[in-house]
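A.B. asks: To start, I am sharing the structure in question, which I have written as structure tokens.
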Amino acid sequence: MKTNKAKIINDPVHGFITLDSELLYDIVAHRYFQRLARIKQLGLSCIVYPGAMHSRFLHALGAMSLMKKAIGVLRGKGVQITDEEAVAAEAAILLHDIGHGPFSHELEHFIIEGVGHETLSELFMERVNQELVGRITMAIEIFKGTYEKKFLHQLVSSQLDMDRLDYLSRDSFFAGVSEGIVGTERIINMLNVHGDNLVVDEKGIYSIEKFIISRRLMHWQVYLHKTVIAADEVMRNILRRARKLINEGKPLPCTETLRYFFVNNLTLNDLKNDETIIERFSLLDDSDIVSSAKQWMSCDDFVLATLSKQLINRQLPCIEVRTAPISDELVTEYQKRFAEKYGVSAEESEYFVMHGKLENHAYDFQDQEIEILFKDGRCVGISEASDQLDHHFLEKTVTKYYICYPKEFRE
């Protein structure tokens, strides 16, 4: 029986999204891509913003929709993009996040130490390409930046790509905040290509300024919200404790997929040499963490049970954010107080007093600058073209420091 592979998906952010290619349909229907529907785009941000329950699946579709629009705009300005290249670019952005683990960035490098989602995405793409008999080879080249037309890669990954344009609008929409609202349609309509580089026509400069400022604001307002940071710390400590107990031979219940990654100290070489690991990783999503933590609430380990209750019941520790580094003496004081009150060891008290730093920068001069194309043919970086965003503002990294400790110790 022949399957209708032309589909329309109703997206609350961008409206109707069309899958008008058999290849795009096959990617979306693939089990690896379907897994993204079980991974939250903003991890534990829903603890603060209850509406932020949207998935990586939705984000990938939205980014693909913006890619389709961008290609249409560039073609209208005389940029040569073949039909095969257009579909490949849409496939590349569709697959750009396929390697994300549970709760997205919150557990980055944690499930497999030192291996980020970009590396995993490449490995997933290679597997998908094998199953699709080489049909996404060009998409992988565009994703990696090895394809001959550089601007296609910049549409997928740069300081002004379809990924960022979608997640700012989408995250703002679902979180219910205004900080991420940018002129997405106008920015896309101002895109152009100059010397094989993606640029922005002069008329779009103010929209780019708003885009850069919005990224900075969204980090403080949503992505680095202090309550979300506290929840992240609790979740990571839950998994650290569970991994320790399981590797010590404690009979701890959890999903078999999660147990596999706990007991095996996997490396990047393991991933490349053993294809079954990627298949196992594809079975791992948010539900493994949540269902396991719910079981651990009643386990006989005080540390794991207490942390699990904190996360599941949203009984999070207090968190203070400061402009100066947290002193070792303060951390030690809180840990000592906790150990004395609850009769745990100094090592166990470390699970309940955490500290670290937050960094926020909206622009990276180590990456290629966003370039503005003037009517006279000049093409200059946004730091030179803008009278609002000078080099000092753009390169500035704001660093803050935090400490998490039990609420009963709050004075």
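The values are calculated or read from the model by the stated rules, or taken from the named source; none is laboratory data. Predicted model only: the values in this text are computed from it and were never measured. Methodologically, a virtual Cβ is constructed for each residue, glycine included, from the backbone with ideal geometry; neighbour enumeration extends over all protein chains shown. To get the accessible areas, we keep the full protein, side chains included, count just its heavy atoms, and leave off ligands, DNA and RNA. Shrake-Rupley method; radii C 1.70, N 1.55, O 1.52, S 1.80 Å.
A.B. asks: What residues qualify as long-range amide H neighbours of V380, i.e. H under 5 Å apart, gap of 5 or more or another chain, H built at 1.01 Å from N?
C.D. replies: For V380, whose amide H was placed from the backbone, the distant partners under 5 Å are I372, F374.
A.B. asks: Moving on. Enter the Cα centre distance for the pair the range 365-390 and the range 305-351, rounded to the nearest angstrom.
C.D. replies: 46 Å
A.B. asks: Of the beta bridges DSSP finds with both residues in the chain, what % are antiparallel, to the nearest 5?
C.D. replies: Restricted to the chain, the bridges split so that about 95 percent are antiparallel.
A.B. asks: Taking only protein heavy atoms into account and a 1.4 Å probe, give the accessible area per residue of the chain in Å².
C.D. replies: 45 Å²
A.B. asks: Pick from S298, S207, S65: which residue has the top mean-square fluctuation in a GNM of the chain where Cα pairs under 10 Å get a spring?
C.D. replies: S298
A.B. asks: A further question on this structure: Compute the Rg/Rh shape ratio of the range 259-411: radius of gyration over Kirkwood radius, all on alpha-carbon atoms.
C.D. replies: Taking Rh as the inverse mean 1/r over Cα pairs, Rg/Rh reads 1.14.
A.B. asks: What is the packing order of peptides 156-163, 371-378, taking the mean over residues of other C-beta atoms within 10 Å and listing the highest first? Provide the component values of the computation, followed by the final result.
C.D. replies: On the way: 156-163: 22.1, 371-378: 14.5.
Descending packing order for the listed peptides: 156-163, 371-378.
A.B. asks: Separate question: Relative to the first principal axis of the alpha-carbon coordinates of the chain, what is the inclination of helix 226-247, with its axis defined by its Cα atoms, in degrees from 0 to 90 and to the nearest 10?
C.D. replies: For helix 226-247, the angle is close to 60 degrees.
A.B. asks: Could you list which residues have their amide H under 5 Å from that of F110, counting only those 5 or more apart in sequence or on another chain, with H placed in the peptide plane?
C.D. replies: none
A.B. asks: Using θ = phi - 60° and the Karplus curve 6.51 cos²θ - 1.76 cosθ + 1.60, what whole-Hz ³J(HN,Hα) does each residue of the range 274-284 get, with Gly and Pro shown as x?
C.D. replies: 10, 5, 5, 5, 4, 5, 5, 4, 5, 8, 9
A.B. asks: Another question about this same structure. What residues from the range 371-411 fall in the zone where the backbone N is under 20 Å from a label point 7 Å along the Cα-to-C-beta line of W220?
C.D. replies: So the set is 388-403.
A.B. asks: Rounded to two decimal places and with Rh computed the Kirkwood way over Cα pairs, what is Rg over Rh for the chain? It would help to have the intermediate numbers written out before the result.
C.D. replies: On the way: Rg = 23.0 Å, Rh = 23.1 Å.
Over the Cα atoms of the chain, Rg/Rh equals 1.00.
A.B. asks: Find the relative contact order for the range 65-210 and round it to a whole percent, using C-alpha pairs within less than 8 Å whose residues are 6+ positions apart.
C.D. replies: About 23 percent, as a whole number.
A.B. asks: Moving on to the next point. Stokes-Einstein at 37 °C, 0.692 mPa s, Kirkwood radius from Cα pairs: D for the range 36-177 in µm² s⁻¹?
C.D. replies: The Stokes-Einstein estimate is 209 µm²/s.
A.B. asks: With the cut-off at 19 Å, tell me which of the pairs K341/K400; K336/K407; K375/K396; K40/K68 have Cα atoms farther apart than that. Can you show the working numbers first?
C.D. replies: Details: K341/K400 30 Å; K336/K407 15 Å; K375/K396 30 Å; K40/K68 24 Å.
Violating the 19 Å limit, Cα to Cα: K341/K400; K375/K396; K40/K68.
A.B. asks: Hey, can you grab everything whose amide H is under 5 Å from the amide H of L358? Only 5+ residues off in sequence or another chain; H modelled, so Pro and N-termini drop out.
C.D. replies: Amide H neighbours of L358, under 5 Å, 5+ apart: K400, Y401, Y402.
A.B. asks: How would you order 216-228, 357-369 from highest to lowest mean count of nearby Cβ atoms within 10 Å?
C.D. replies: 216-228, 357-369
A.B. asks: To the nearest Å, what is the center-to-center distance of the range 190-262 and the range 1-63, using C-alpha atoms only?
C.D. replies: 18 Å
A.B. asks: Also, I was wondering about something else. Between E256, E209, E333, where does the largest GNM mean-square fluctuation fall for the chain, given springs only between Cα atoms within less than 10 Å?
C.D. replies: Result: E333 has the largest fluctuation of those listed.
A.B. asks: Additional query: Pairs to check: K69/K149; K150/K357; K144/K357. Give those whose C-alpha atoms are more than 28 Å from each other in this structure.
C.D. replies: Flagged as over cut-off: K150/K357; K144/K357.
A.B. asks: For the pair L358 and Q295, how long in nm is the line joining their label points, each one 7 Å along Cα→Cβ?
C.D. replies: Distance between the two pseudo-spin positions: 3.4 nm.
A.B. asks: Tell me, what is the percent relative contact order of the range 83-158, built from C-alpha pairs under 8 Å that lie six or more residues apart?
C.D. replies: Contact order relative to length: 35 percent.
A.B. asks: Treating the range 1-97 as a set of equal point scatterers at the Cα positions, no solvent, please give the Debye-formula log₁₀ I(q)/I(0) at q = 0.14, 0.20, 0.24, 0.25 Å⁻¹.
C.D. replies: -0.58, -1.02, -1.29, -1.35
A.B. asks: What is the sum of charges, Lys and Arg at +1 and Asp and Glu at -1, for the other residues whose Cβ falls under 14 Å from the Cβ of T18? Before the final figure, lay out the partial values.
C.D. replies: Working: positive: K5, K7, K68, K69; negative: D11, D20, E22, E90.
Result for the neighbourhood of T18: 0.
A.B. asks: Follow-up. Give me the angle, in degrees from 0 to 90, between the Cα long axis of helix 56-76 and the longest principal axis of the Cα atoms of the chain, rounded to the nearest 10.
C.D. replies: Roughly 20 degrees, rounded to the nearest 10.
A.B. asks: When N is the residue count of the range 222-266, what does its C-alpha Rg come to as a fraction of 2.2 N^0.38 Å? Walk me through the numbers on the way to the answer.
C.D. replies: Numbers: Rg = 13.0 Å, N = 45, 2.2 N^0.38 = 9.3 Å.
Expressed relative to 2.2 N^0.38 Å, the Cα Rg reads 1.39.
A.B. asks: What number, in percent, do you get for the relative contact order of the chain if the mean sequence gap of Cα pairs under 8 Å and at least 6 apart is divided by its residue count?
C.D. replies: Relative CO of the chain lands at 15 percent.
A.B. asks: If you roll a 1.4 Å probe over the chain with all protein chains in place, what percent of the accessible area is carbon or sulfur?
C.D. replies: Of the solvent-accessible surface of the chain, carbon and sulfur hold 49 percent.
A.B. asks: Here's something else I'd like to know. Please list, short to long, the whole-number percent of alpha-carbon pairs of the range 105-153 in consecutive 10 angstrom bins beginning at zero.
C.D. replies: 26, 39, 30, 5
A.B. asks: Now, a different point. Among 273-285, 8-20, how do they line up by average Cβ neighbours within 10 Å per residue, starting with the highest?
C.D. replies: Top of the packing list down: 273-285, 8-20.
A.B. asks: Using the alpha-carbon atoms, what tilt in degrees (0 to 90, nearest 10) does helix 83-94 show relative to the longest principal axis of the chain?
C.D. replies: The helix 83-94 is inclined about 20 degrees to the chain.
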